[in-house]
Each structure stands twice: as structure tokens, then as C-alpha cells.
Amino acid sequence: MVSLRNNGLEGVLFDWDGTLIDSYSADSSAYLAMFQEMGIPWGLKELARHYSPNWYRVYRAAKLPRARWEDADRAWRAQYAKHSPQLIAGARQVLERLGRVHHLGLVTSGDRDRVTRQLRAFRLTRMFGTRVCSGDTAEKKPHPAPLRLALERLSLAPSSCVYVGDSPEDLEMAKRAGVRAIAVLGPFPTEKRLRAARPDFLLRSIRELPEALESLRG
């Protein structure tokens, strides 16, 4: 288990989809439409079983040929654009509270264009000292490279930070980067795998995060 520095916690870094924004309906609807277009006989059950923030893992599980991945990406984005996800209840208040005493960062598998638009729409862009999105590193979650890049940009040591996410890949990335991992249950179908991953903290709601951080400082 990673220990925090003597002065406690300096940085709190977040996943985006499912952790701060309720994008499950948009995401799953886009997947189902893409599956149909690609001729993949999958429904929500199969998606839940194989869901990963690294969508290439989903493509591989669905046995989608590599030559069709770009077409699948375009189909997914076109369907997702039809939806307007909202912030998870309590997320803004938690960010505002934590931002007064901690450096905040965002490390997401989401496309930069899409995440940037959403941050602007929710007036959250300036809340985060850095934003690492898909494509900023060659490796994707659960590789630690995206989180390490965010720490480098914030000039923070891994031991002084926590990462908050809603998927097992989030937890693995954090632990591989030497950062304390906190899991929060969100709208995506990851609860069973999250529990099996045995995070340092498992929160029922993002609203519980400030209290969990207080216990770390204690």
C-alpha cells in the first residue's frame, strides 16, 4: 500500500466518464449502435461483461478486425454526439471544495475534443491544473503512462497524490504509477470487478470523497 508524504495529500486526480460525468447512457447507446453497424451480435449483457475504458479491449473481445477499428471509432462518436450527458450529482460541489486545498488533475481515456467541449459546457476547464486525454500518451489505461504524465505536469510526487476512478483499469493504472487508488461506484457496470480489485477505498458516491481524503490525511 502506497504511503502519503508527511504533509499529507497534495494532488487529487480524476477519471472523467463514470466518475464525474454520467455518460453511461450515451456511451452504451453509442456502443450498441456501433455494434449493429459493424455486424457484431452484442447487447448490453456482452458490453457489461467486457467493458473497459480502453475501448480497443472491447473491440478485441468482440473480435472486430483491426482494419475496422477506425470505422468503429467514427460510428461510436457519431452516435455519442446525439446525447448530452450530465455531471454526476455532487461532482461540482466536491471539485470546488477540493480545489481550494489540493491540486486537481484529469486523466481520462476520452477523446480530447469531446472532453474539452464537455468541460467548457460545465464550466470546469479551469478547475483542473492538467488534463491528460486519449492520444496524449502512446499507452492507454491501465498503463501508468497517462497518470505519470499528469503528475509530471503538476510537478507532484506519486506518493502525495490519489487517483479517483470507477473501473478496475483506473485502479491498476494508479497502483502501477505509485498513486493511492480510490474507487467510486458510478453508472457503468463495473461494481463486481471493482470490488474484486480491492481498492484502498470503495465509495458509494463521489460525495463521500472529501471524508475519505480526510481519513488519509489523518
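The values are calculated or read from the model by the stated rules, or taken from the named source; none is laboratory data. What you are looking at is a predicted structure, and each value in this text was computed from that prediction instead of being measured. For neighbour counting, all protein chains shown are included, and Cβ atoms are generated from backbone atoms with ideal geometry for every residue, glycine included.
In table form, for the structure just shown:
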item	result
Extreme residue, nearest to PRO41 (Cα to Cα), among residues of region 60-75 that are assigned to a loop (DSSP other than H, G, I, E, B) and among the hydrophobic types (A, V, I, L, M, F, W, C)	ALA62
Those residues of region 192-218 which are surrounded by fewer than 14 Cβ atoms within 10 Å (Cβ to Cβ) and not in a helix (DSSP H, G or I), in sequence order	ARG198, ARG204, GLY218
Close pairs from region 62-75: first on the phi > 0 side of the Ramachandran plot and assigned by TED's automatic domain parsing to the domain that holds TYR31, partner in a loop (DSSP other than H, G, I, E, B) and surrounded by 10 or more Cβ atoms within 10 Å (Cβ to Cβ), Cβ under 9 Å, at least 6 apart	LYS63/ILE40
Flag if GLY99 is at pLDDT 95 or above and surrounded by 14 or more Cβ atoms within 10 Å (Cβ to Cβ)	yes
In region 170-191, the residues that are modelled with pLDDT of 95 or more, assigned to a helix (DSSP H, G or I) and either over 18 Å from LEU106 (Cα atoms) or in contact with a Lys or Arg (Cβ under 6 Å, 6 or more places away or on another chain) (or both)	MET173
Tally, over region 140-153, of residues that are buried (at least 24 other Cβ atoms within 10 Å of the Cβ) and modelled with pLDDT under 95	1
When residues of region 80-96 are limited to those that are part of a helix (DSSP H, G or I) and at pLDDT 95 or above, the one surrounded by the fewest Cβ atoms within 10 Å (Cβ to Cβ)	GLU96
Identity of the residue in region 38-57, surrounded by 16 or more Cβ atoms within 10 Å (Cβ to Cβ) and in a helix (DSSP H, G or I), that ends up nearest to the chain's Cα centre (by Cα)	TRP55
Which listed residue, of LEU147, LEU156, LEU151, is hydrophobic (A, V, I, L, M, F, W, C), in a loop (DSSP other than H, G, I, E, B) and farther than 17 Å from SER23 by Cβ	LEU156
All positions within region 176-218 that are in contact (Cβ under 8 Å) with a residue 60 or more places away in the chain and among the small types (Gly, Ala, Ser)	GLY178, GLY186, SER205
Residues (closer than 17 Å to SER160 by Cα and β-branched (Val, Ile, Thr)) located in region 172-189	VAL179, ILE182
Restricting region 125-139 to residues that are among the hydroxyl-bearing types (Ser, Thr, Tyr) and either under 15 Å from ASP113 (Cα atoms) or in a strand (DSSP E or B) (or both), the residue that is modelled with the highest pLDDT	THR130
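For every residue, the table says whether it meets (1) over 21 Å from GLU169 (Cβ atoms); (2) modelled with pLDDT of 95 or more.
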{"position": "GLN36", "(1), (2)": "yes, yes"}
{"position": "ILE40", "(1), (2)": "yes, yes"}
{"position": "ASN54", "(1), (2)": "no, no"}
{"position": "TYR59", "(1), (2)": "no, yes"}
{"position": "PRO65", "(1), (2)": "yes, yes"}
{"position": "ARG68", "(1), (2)": "yes, yes"}
